[in-house]
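Following: one structure in structure tokens, then a few remarks.
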Amino acid sequence: MVAKSIISLAVFFLLLISFSLFISTHDLTSRRFSFSLPIPSSSSSSSLRCPPATSAAASRPPPLNVFMYDLPFRFNFGMLDHRGDSDPDLGLIPDQASPAANGGGRDLPPWPQNSGLKKQHSVEYWMMASLMSGGNSEEAEAVRTFDAKEAEAFFVPFFSSLSFNTHGHNMTDPDTEIDRQLQIDLLDFLRKSKYWQHSGGRDHVIPMHHPNAFRFVRDQVNASILVVADFGRFPRNLSSLSKDIVAPYVHVVDSFLNDDPPDPFESRPTLLFFRGRTVRKDEGKVRLKLAKILKDYDDVRFENSYASGEGIKASLEGMRSSKFCLHPAGDTPSSCRLFDAIVSHCVPVIVSDQIELPFEDEIDYSEFSLFFSVKEAVRPDYMVNQLRQFPKETWTQMWRRLKSIAHHYEFQHPTKRDDAVNMIWRQVRHKLPAVNLAVHRSRRLKISDWWSRR
């Protein structure tokens, strides 16, 4: 019995010593390797959220190398009024030694001031202009390369929107034949290009911002990256959000640069503003319904008008004096009115069930816009009551957000950091991995569409 007691006592002491060592070791380990973070002080919290000051420029990738075809004047600048006396078969930049190629920009004609609504689809002009600057700007997202072997993308400088607006805009005019012939000639040119043949056109960027641009042969270039306003008149087999780029319209009202009132909410007496044509096709039929519903509200201005110099001026004044600006669909889901509202810092009220918006992978439109379905918008009193009850504080936050993002919708030459053209070129960069995947797969597949047959 004594022996058993001694053995039991020894085992007890051994267990006690082992447990004490475990507690001590665990305490040291927890002190050395704890994953809990201290609560940051107010002075240190910003450093946890923001990248180091060194690195905004260092984190930016190098500019995209873009090869721009040197097309004859008749495909681009020859359509501008003041270049009508130029040789239509003369190329813009014949060689790398020209002043424009070296960044002088001497060969860049300005966009005409009297172009009216043609300006809203002039994305093609501003993209071309950005490549003519010689890439001297440190903030450029894309620069022109004259060596196609270095190119990551190929830009086709055909002003397809201006061609539609210039040559038989009503689609039945005999001059429409000029637009059709330009498209046929361009397609012939591209098919002969070894760079087009190399990728099947997949790495080529072609602006088609007007809904009717390139309408005769657009199905022949459907593999390319198309720059569009929306997908209202593009069938699914021709254009898609995964392949193409939604670009903003070029705003036609002047930007609101000195919008700093003491009380921005009270400085805008009109609740809701719309000015434009009320008779539209397709989803735009909602405009006529809205005109009837909104006509009797004292704090709503809904005006039927055609675009003109005086009309644009009235729109500018109306947007700057309104809290909310109505953006119903037109003949297609989008219109220039949305971007006029943004640069006027008037909170957009978007009524469209099919709209796609520019740069939406980088910009959250719900931070500065309101969205109503067509069904909601045409319900009597519903939309107006929602706007009347909208909190002043929330509206002010949206107004501030509009002021902070408006520069993303500015088209200018030379470009500035994160402006509209640079944002578009950044979108091109985002599309290229999928382009390269498609090109590489196409070179080895024996049955090209086997995946879709699964």
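Please treat every number below as a calculation from the coordinates, not as lab data. Only a predicted model underlies this, so the values are computations on that prediction, with no experimental measurement involved. Glycine also receives a Cβ, built like all others from the backbone with ideal geometry; neighbour counts cover every protein chain displayed.
The protection proxy used here, the mean number of other Cβ atoms lying within 10 Å of each residue, ranks peptides 165-171, 408-414, 308-314 as follows, highest first: 408-414, 165-171, 308-314. Rounded to the nearest 20, the size of the Cβ-charge dipole of the range 219-333 about its Cα centre is 580 debye, with Lys and Arg at +1 and Asp and Glu at -1. Residues whose amide H comes within less than 5 Å of that of residue 325, counting only those at least five positions distant or on another chain, are 273, 347, 349 (H built at 1.01 Å from N in the peptide plane). In terms of other Cβ atoms within 10 Å, 294, 226 run from fewest to most in the order 294, 226.
The residues packed around residue 241, meaning those with a beta-carbon under 14 Å from its beta-carbon, carry a net charge of -2 if Lys and Arg are +1 and Asp and Glu are -1.
For the range 270-407, what is the charge dipole size about the Cα centre, in debye to the nearest 20, if Lys and Arg each add +1 at the Cβ and Asp and Glu each add -1 at the Cβ?
Working: 21 positive and 20 negative charges, 111 e Å.
The calculation lands at about 540 debye.
Here the Karplus curve 6.51 cos²θ - 1.76 cosθ + 1.60, taken at θ = phi - 60°, turns the phi angles of the range 432-448 into couplings of 5, x, 5, 4, 5, 4, 5, 5, 5, 5, 5, 7, 10, 6, 8, 10, 5 Hz, with x standing for Gly and Pro.
Rounded to the nearest Hz, the phi-derived 3J(HN,Hα) couplings of the range 366-372 under the Karplus curve 6.51 cos²θ - 1.76 cosθ + 1.60 (θ = phi - 60°) are 5, 6, 9, 9, 10, 10, 10, where x marks glycine and proline. All distinct Cα pairs of the range 283-329 go into the 1/r average, and the inverse of that average, the Kirkwood radius, is 11.8 Å.
Using Cβ point charges alone (K and R +1, D and E -1), the dipole size of the range 299-369 about the Cα centre works out to roughly 460 debye.
Over every Cα atom in the range 287-417, the radius of gyration and the widest Cα-Cα span, Dmax, amount to 14.9, 48 Å. Judged by the mean number of other Cβ atoms found within 10 Å, the most tightly packed of the peptides 187-194, 439-446, 320-327 leads the ranking 320-327, 187-194, 439-446.
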